[in-house]
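S.K.: Input: one structure, supplied below.
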Amino acid sequence: MTRSAVLVRFVIQPPWWPVCHPTSTPATVNAPADPGGGTVSAVADHDIAELCAGVRARDRRALARAITLVESTRADHQRDAEALLACLLDATGGSVRIGISGTPGVGKSTFIEALGTTLTARGHEVAVLAVDPSSARTGGSILGDKTRMEALARDPRAFIRPSPSSGTLGGVARRTREALLVCEAAGFDVVLVETVGVGQSETSVADMVDLFVLLLAPGGGDELQGIKRGIMEIADLVVVNKADGELEHAAATAAAEYRGALGFMRPRSLQWRPEVFLVSSVERTGLAEVWDAVVRARDALVASGEWDARRAEQAGAEMWREVGHLVEEALRAEPAVARVVADLEAEVRAGRTTPSAAARRLLSAYRRP
Ligand SMILES: Nc1nc2c(ncn2[C@@H]2O[C@H](COP(=O)(O)OP(=O)(O)OP(=O)(O)O)[C@@H](O)[C@H]2O)c(=O)[nH]1
Ligand SMILES: [Mg+2]
C-alpha cells in the first residue's frame, strides 16, 4: 500500500459527519473523573444538535459537556465531538486568543483572575482554559486555581475550564484547541489559555493562540539566565509580575533588562515589536496597559493581514499534526505492526538498530500485513 493510501484509509474513513445532523445518533457523554472537582457533574445522553444549540446559546452545562466530549479519548466520543465541532464551526473565530505562560508560581492564575475580572467589568466575555501536561502537579495546581480565580469563577461573564488531569502534552493541547473553538462558538470574545512554562507546553500553546504573553518574576539577570531564549522569541508581550511591595524595584530593573534582551532578538512579526510591562496582579496595577497593548497588537496584525495569516498557518500545521496522530494511532492498532513492535523497540533500545531504520521497518510491516 502506498503512503497516501495509508493516510486515506485511516484519515478519510467514514462515518465522520460533515455537517450537523439534527437526527444524529445520541452521544453518550460519560464525564471522565472530573479534575476540577465539580466543573462537570454526571453527564447524560445527548443529541449533538441539541448540544450544539446549547453551546451557541451559551448554556453553561452544555458548554461544560461539549468540552468534556471534545476532551474524551474514546473513539465514539471523538466522532461525536467532530460532528459537534462541524456544527459549531461557523460560529468560531471571533475571539482574541491569548496564551499566558510562565514558570510555576510566577502568578499566571492570579494574573488571569485580575485581567479577566478587569475585562468582564468592561463588558467582555472571558473564557479561561488551562494546559498542564504534568499530571503529577495538576491536582495542586487546580486547587490553587480554584482559590486564585475565585472572583472570575463566580463571574457570569466568565467561564473557567481547569486542565485535564492526565494525558500527554500533545493530547492535552490537541483537545485544548478544540475546547477553544467551543468557547468561541459560545460567544466568548476573549479566550485565555494558561500553560506552565516548562518543557514544550508553551510552544504548543503559542501554536493555537493569536498573541502569546510571557509572565516573568522580578528576578532580574539571574531570572533571565534561566529563561530559554526560544520562549522570549515567541512572546508578543512580556509581563513582569509581582511589581509590588519589596519587589517593586527589582521588577523595574528586571523589566529594563528584558527590554534590553528583546532588543537583540529577532521579532516574531514585522508589524508588532514585543513590549515589556510591569504588573502587580495582587494590587491590580498595570493591567489596563497590558490590555491596551493586546488591542494595539491585534489592530496592527489585523490591518496587515498577519492575524488571519497566522491563524491559517496554525490551522494548516494542525491538520498535519493531526494526520501524524491518526496515522500513529492506526499503526499502533494494526496487528501486523503489534507483532513486530516489541522486538523493534528492544533492538532500538539496545542500540542494535537506529530509530529511523526501525521506523521504516515498522511501516513496511504495516504495508505488507
Ligand atoms: N506579591 C505578589 N504576589 C503574587 C502576585 N501574583 C501572584 N502572586 C503570588 O504568587 C503565588 C503563585 O501564584 P499563582 O497565580 O498560583 O501562580 P501560577 O503561575 O498560576 O502557578 P502554577 O499554576 O502553579 O504554575 C501566589 O502565592 C500568589 O499570591 C503579584 O502580583 N504580587
Ligand atoms: Mg496557575
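Read the figures in this text as sums done on the coordinates, not as results from a lab. Not measured: the values here are computed from a predicted model. Here the Cβ positions follow ideal geometry from the backbone for every residue, glycine too, while neighbour counts run over all protein chains shown.
S.K.: Along the Cα→Cβ direction, 7 angstrom out, place labels at Arg360 and Arg229. What is the inter-label distance in nm?
M.R.: 3.4 nm
S.K.: Could you check the simple spin-label distance between Thr73 and Ala252, using points 7 Å along Cα→Cβ, in nm with one decimal?
M.R.: 5.0 nm
S.K.: Which loop chymotrypsin sites (Phe, Trp or Tyr not before Pro) in segment 244-309, with loop taken from DSSP, have no more than 10 other Cβ atoms within 10 angstrom of their Cβ?
M.R.: Phe264
S.K.: If you rank Val70, Val337, Val239, Val276 by fewest surrounding Cβ atoms within 10 Å, what's the result?
M.R.: Sorted ascending by nearby Cβ count, the order is Val337, Val276, Val70, Val239.
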